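Engineer: Please read through the structure below; I'll follow up with questions.
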Amino acid sequence: MKKIILPIILLLCICCCNVMHEKSGERVGKSNMNIPSDVVIIRDSFPISSDLYSDEKEYFVSKNYIGIRYVSEGDTIIEEPVFSLTPNVMKEIHSYGKEVIPYLISHIDMDKNGIAGFVNPYDSNLQNMVIGSLLGVNYAYMIELIMTKDSIMDNVAFADGNDVWDRKMKPYRLYGQCVIIRKKDKDNPQKSKMTVDDMKTIKAIYNKWWESNKDENLDALRKKWREEGSPLQNSPYMWI
């Protein structure tokens, strides 16, 4: 009798283990974005991003899409706008030149919070403006970066440490804090956190600039930018 029962119990155990294994491997997909086929997939390790996302994360970049896919604590695959742009992602966006600008402008007024600016948010003296700010600030900044820099030097791999953020982001830094404020608040920028209405106005400013200049080639655009400055220069807003 034992010879019959033991194999049956063993078989049941194996079947249970297989079911449990299969169940643990299931991941529910949750996507609010359609990933185009021409994206470049980037796996980038960066102090802040590795704190906010799991290790299983992929960034997707094309001239018509910027997003991230990662696995949440609930074992759900999430696809959404990038919470904070990392160096390799920024370099890839920059490489598209003027072709990516319409996409960047279209996302300036997106109603989603993240980390704005490109300094260490935990060391910034404008921490309340940087953490939990609207992500559209970063999309506007990428236009500034494309127009200001002809190229970006290759990133150097640094050992872990408190200065990793600042050292890795140095090639991408155009301003002290890399955030937008209202000019009337320049003496007290802490009170100038952007609202959705602000970002809609800022989007309109960049869109007007683009409509007036989109037929220029990239070299001519950059030359004009150097001569005339950012579109925000003659607006109620400014970069700091």
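Engineer: Using a 1.4 angstrom probe on heavy atoms only, work out the carbon and sulfur share of the accessible area of the stretch 53-93 in %. Intermediate values should be presented prior to the final figure.
Structural biologist: Numbers: 600 of 1440 Å².
Within the stretch 53-93, the accessible surface is 42 percent carbon and sulfur.
Engineer: Answer rounded, prolate or oblate for the stretch 101-240, using the Cα gyration tensor with square roots of eigenvalues a ≥ b ≥ c: rounded when a/c is under 1.5, else prolate when a/b is larger than b/c, else oblate. Provide the component values of the computation, followed by the final result.
Structural biologist: Details: a/c = 1.82, a/b = 1.17, b/c = 1.57.
Judged from the Cα gyration tensor, the stretch 101-240 comes out oblate (a/c at least 1.5, b/c at or above a/b).
Engineer: How would you classify the stretch 96-136 from its alpha-carbon gyration tensor, with a ≥ b ≥ c the square roots of the eigenvalues: rounded for a/c under 1.5, else prolate if a/b is greater than b/c, otherwise oblate? Intermediate values should be presented prior to the final figure.
Structural biologist: Numbers: a/c = 4.40, a/b = 1.92, b/c = 2.29.
Oblate shape, in that a/c is at least 1.5 and b/c is the bigger or equal ratio.
Engineer: Using modelled backbone amide H atoms (1.01 Å from N, in-plane), which distant-in-sequence or interchain residues come within less than 5 Å of Lys112's amide H?
Structural biologist: Placed amide hydrogens put Leu135, Gly136 under 5 Å from Lys112.
Engineer: Follow-up. In whole Hz and in residue order, list the ³J(HN,Hα) couplings for the stretch 62-71 that follow from phi through the Karplus curve 6.51 cos²θ - 1.76 cosθ + 1.60, θ = phi - 60°; x for Gly and Pro.
Structural biologist: Once rounded to whole Hz, the list reads 8, 6, 10, 6, 9, x, 9, 10, 8, 9.
Engineer: Using each residue's phi in the stretch 181-196, evaluate 6.51 cos²θ - 1.76 cosθ + 1.60 at θ = phi - 60° and report the 3J(HN,Hα) Karplus result to the nearest Hz, with x for Gly and Pro.
Structural biologist: Ordered by residue, 3J(HN,Hα) equals 10, 7, 4, 5, 9, 4, 7, 8, x, 4, 8, 10, 5, 5, 9, 4 Hz.
Engineer: Modelling each spin label as a point 7 Å along the Cα-to-Cβ direction, I'd like the Glu228/Ile240 distance in nm, to one decimal.
Structural biologist: Label at Glu228, label at Ile240, 2.7 nm between them.
Engineer: Looking at the stretch 166-240, which GluC sites (Glu not before Pro) are DSSP coil and have at most 15 other C-beta atoms within 10 Å of their C-beta? Don't skip to the answer; put the middle values down first.
Structural biologist: Numbers: sites: Glu211, Glu216, Glu227, Glu228; in loops: Glu216.
Answer by residue number: Glu216.
Engineer: Counting only other residues whose beta carbon sits under 10 Å from that of Ser62, what net charge do I get with K and R as +1, D and E as -1? The partial results should precede the final answer.
Structural biologist: On the way: positive: Lys63; negative: Asp38, Glu92, Glu99.
Surrounding charge for Ser62 is -2.
Engineer: Moving on. Over 30 Å between Cα atoms, which of Lys112/Lys224; Lys63/Lys200; Lys63/Lys224; Lys57/Lys224; Lys57/Lys208; Lys63/Lys191 qualify? Mind dumping the intermediate values first?
Structural biologist: Working: Lys112/Lys224 32 Å; Lys63/Lys200 22 Å; Lys63/Lys224 23 Å; Lys57/Lys224 38 Å; Lys57/Lys208 36 Å; Lys63/Lys191 34 Å.
Pairs exceeding the cut-off: Lys112/Lys224; Lys57/Lys224; Lys57/Lys208; Lys63/Lys191.
Engineer: Quick check: net charge around Met110, other residues with Cβ under 12 Å of its Cβ, Lys/Arg +1 and Asp/Glu -1?
Structural biologist: Summing Lys and Arg as +1 and Asp and Glu as -1 gives 0.
Engineer: Show the residues, 5+ positions off or on another chain, whose built amide H is closer than 5 Å to the amide H of Glu80.
Structural biologist: Those qualifying (amide H under 5 Å, at least 5 residues apart or on another chain) are Ile68.
Engineer: Also, I was wondering about something else. Stretch Asn125-Asp111 to full length: gain in nm at 0.36 nm per residue minus the Cα-Cα span?
Structural biologist: Values: separation 14, 0.36 × 14 = 5.04 nm, distance 2.42 nm.
Difference between extended and current length: 2.6 nm.
Engineer: Quote to one decimal, in nm, the extra length available between Lys200 and Ser151 on full extension: 0.36 nm per residue of separation minus the C-alpha distance between them.
Structural biologist: Values: separation 49, 0.36 × 49 = 17.64 nm, distance 2.92 nm.
Between Lys200 and Ser151, full extension yields an extra 14.7 nm.
The values are calculated or read from the model by the stated rules, or taken from the named source; none is laboratory data. The structure presented is a predicted model; accordingly, all values stated were derived computationally and were not measured. Positions of Cβ are backbone-derived with ideal geometry, glycine not excepted, and every protein chain shown enters the neighbour counts. Each accessible area value is taken on the protein alone, full model and side chains, heavy atoms only, with ligands, DNA and RNA left out. Shrake-Rupley method; radii C 1.70, N 1.55, O 1.52, S 1.80 Å.
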